[in-house]
Amino acid sequence: MKKKILVTGGVGYIGSHTTVELQNAGYEVIIIDNLSNSNAEVIDGIERISGLRPAFKQVDCIDKEALTNVFNEYPGIKGIIHFAASKAVGESVHKPLLYYRNNIVSLLNLLELMPEYKVEGIVFSSSCTVYGQPEILPVNEKAPIQPALSPYGNTKQINEEIIRDAIYAGAPYKSVVLRYFNPIGAHPSAEIGELPNGIPQNLIPFLTQTAIGIRKELSVYGDDYNTPDGSCIRDYINVVDLAKAHVTAIERILNNKSEAPLEYFNLGTGKGLSVLELITAFEQSTQVKVPYKIVGRREGDIEQIWADPRYANEVLGWTATESIEETLKSAWNWQLKLREREIM
Ligand code: WQD
């Protein structure tokens, strides 16, 4: 009998890739997603890759009654991987209450239902934004949490605190909090990938849409930072590597490997790349030019951040392995597939 894992937001970018890796690892996946920022066709893509169609319910995690019905319909859910959240930094500045309601009530509902249904643990999708602009780089899990620069980032910090306080109060479940750096790329099959609605906010989807001609040129937000080439530095991590970390994390809980009821891990490659270096790497990997222009800084951007991944490597037992060249090629192949299927 396969162990059941509930993946909230499983039709989304990281959720769909994690579903594939969970299925590859022998788990039965139940996806819930409100489809507010994703398309149910992604489930077809998951099935084309793994040969297994995950159960899917269009449910909003802020609807506790609907959530309860899922636990009743799928008894025996052992673990939860919680991705479902609003995640556009810029939008959160303009719609803070929507972000606080959606991102916080969703988590509260799950945590309140877990003891009733004997769910053993929850893997929480957090972000390196909790560190703000670190004083020391690379940044490890002991780095201070800094005041959030956006309501989106603040919901990640608040949710981490809610999980911490619930577990310290004796909640009968464990949690692993995964702080992502910058997830990019797509599954090597090009059957699933990043599919942002509207104009992409993140760098890679905008870059590949520019490369294929959907966008006229890429705006590089600033080249006057205190970095070698003046553009911002980030730690770009392959989305399949990231997905595999979630399988390792949920297995850590279900197989009682975790040393504590609550653990935090930075998920990055340990290498920083500037925006301009990334553009060069993309062009060299794909032989496709990316027209770009330097414009002013984007409000809220931090200058530079990259992970110290040693704790995740040594304790979680996970390491990012995919090269940036292969990752960028996967992003490009995904963009080509979208064109081929006339989706974009
Ligand atoms: C990366 C770099 C931009 C677009 C955010 C969230 C993080 C996670 C990932 C959700 C920056 C530059 C970007 C463009 C550019 N979100 N850029 N032109 O802001 O590091 O992280 O998204 O899980 O939590 O904080 O990612 O891809 O938006 O930007 O020059 O058109 O690319 O200035 O330096 P970011 P990003």
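The values are calculated or read from the model by the stated rules, or taken from the named source; none is laboratory data. On a predicted model such as this, the values are computed, not experimentally measured, just so you know. Note: ideal-geometry Cβ built from the backbone for every residue, glycine included; neighbour counts use all protein chains shown. Just so you know, the surface numbers come from the protein's heavy atoms only, side chains and all, with ligands and any DNA or RNA stripped out. Shrake-Rupley method; radii C 1.70, N 1.55, O 1.52, S 1.80 Å.
What does the convex hull of the Cα atoms come to per residue for the range 239-344, in Å³?
Normalising the Cα hull of the range 239-344 by residue number yields 160 Å³.
Give me the angle, in degrees from 0 to 90, between the Cα long axis of helix 151-168 and the longest principal axis of the Cα atoms of the chain, rounded to the nearest 10.
30 degrees
Taking the Cβ of residue 59 as the center, what net charge do the other residues with Cβ under 14 Å away carry, scoring Lys and Arg +1 and Asp and Glu -1?
With Lys, Arg at +1 and Asp, Glu at -1, the net is -3.
Tell me which of 295, 68, 157 sits at the most positive position along the dipole axis of the chain, charges placed on C-beta atoms (Lys, Arg +1; Asp, Glu -1).
68
If packing is taken as the average count of other Cβ atoms within 10 Å, what order do 43-51, 307-315 fall into, highest mean first?
Taking the mean over residues of other Cβ atoms within 10 Å, the ranking is 307-315, 43-51.
Ignoring ligands, DNA and RNA, how do 168, 152, 292 rank by accessible area with a 1.4 Å probe, largest first?
Putting 168, 152, 292 in descending order of accessible area: 168, 292, 152.
Using only alpha carbon pairs under 8 Å that are at least six residues apart, calculate the relative contact order of the range 181-266 and give it in whole percent.
Here the relative contact order equals 32 percent.
Along the charge dipole of the chain, which of 124, 92, 10 sits closest to the positive end, that is, farthest toward it, with unit charges on the beta carbon of Lys, Arg, Asp and Glu (+1, +1, -1, -1)?
10
For the chain, report the accessible area per residue in Å² (1.4 Å probe, heavy atoms, rounded to an integer).
For the chain, the solvent-accessible area averages 44 Å² per residue.
Dipole size in debye (nearest 20) for the range 1-120 around its Cα centre, Lys and Arg Cβ +1, Asp and Glu Cβ -1?
I would put it at about 200 debye.
Carbon and sulfur: what percent of the range 180-324's accessible surface (1.4 Å probe)?
Within the range 180-324, the accessible surface is 47 percent carbon and sulfur.
For the range 291-334, just the Cα set please: Rg and Dmax, both in angstrom.
15.8, 42
Measuring from centroid to centroid over Cα atoms, what is the spacing of the range 192-270 and the range 24-59 in Å?
After rounding, the separation between the Cα centres reads 21 Å.
Calculate, axis by axis, the spread of Cα positions in the range 174-229 along the three principal axes, and write the results as whole Å, longest axis first.
Between the extreme Cα coordinates on each principal axis of the range 174-229 lie 45, 35, 21 Å.
In the chain, what percentage of the DSSP-assigned beta bridges are antiparallel, given to the nearest 5?
In the chain, DSSP labels about 5 percent of beta bridges as antiparallel.
Run the reach check for residue 57 against lysines, Cα to Cα strictly under 22 Å, same-chain hits fewer than 8 apart removed. What comes back?
2, 3, 4, 78, 87, 118
So how tilted is helix 41-50 from the main axis of the chain? Cα-based, degrees 0 to 90, rounded to 10.
Approximately 80 degrees, to the nearest 10.
Averaging the inverse of every distinct alpha carbon separation and then flipping it gives the Kirkwood radius. What is it for the range 113-239, in angstrom units?
17.6 Å
Determine Rg/Rh for the chain; Rg is computed over alpha-carbon atoms and Rh is the Kirkwood hydrodynamic estimate from the same atoms.
Using Cα coordinates only, the ratio equals 0.94.
Only residues of the range 300-323 count here: report those whose backbone N is under 17 Å from the spot 7 Å along Cα→Cβ of residue 136, or say none.
Zone members listed by number: 305-312.
Report the Stokes-Einstein translational diffusion coefficient (µm² s⁻¹, integer) for the range 1-78, Rh taken as the Kirkwood radius over Cα pairs, at 37 °C with viscosity 0.692 mPa s.
The Stokes-Einstein estimate is 265 µm²/s.
With +1 assigned to the C-beta of every Lys and Arg and -1 to the C-beta of every Asp and Glu, and no other charges, what is the dipole magnitude of the chain about the Cα centre in debye, to the nearest 20?
Computed about the Cα centre, the dipole is about 380 debye.
Need one number: the % of Cα-Cα pairs in the range 72-125 sitting beyond the 15 Å mark.
That fraction is 54 percent.
What do you get for trypsin sites (Lys or Arg not before Pro) in the range 129-164 restricted to DSSP loop and a cutoff of at most 10 other Cβ within 10 Å of the site's Cβ?
Passing sites in the range 129-164 are 142.
Taking the Cα atoms only, what angle lies between the long axis of helix 324-340 and the longest principal axis of the chain, rounded to 10 degrees?
For 324-340 against the chain, the angle is about 90 degrees.
Return the calculated 222 nm mean residue ellipticity for the chain, to the nearest 500 deg cm²/dmol, obtained by summing -39500 (n - 2.57) across DSSP H runs with n ≥ 4 and dividing by the residue count.
-11000 deg cm²/dmol
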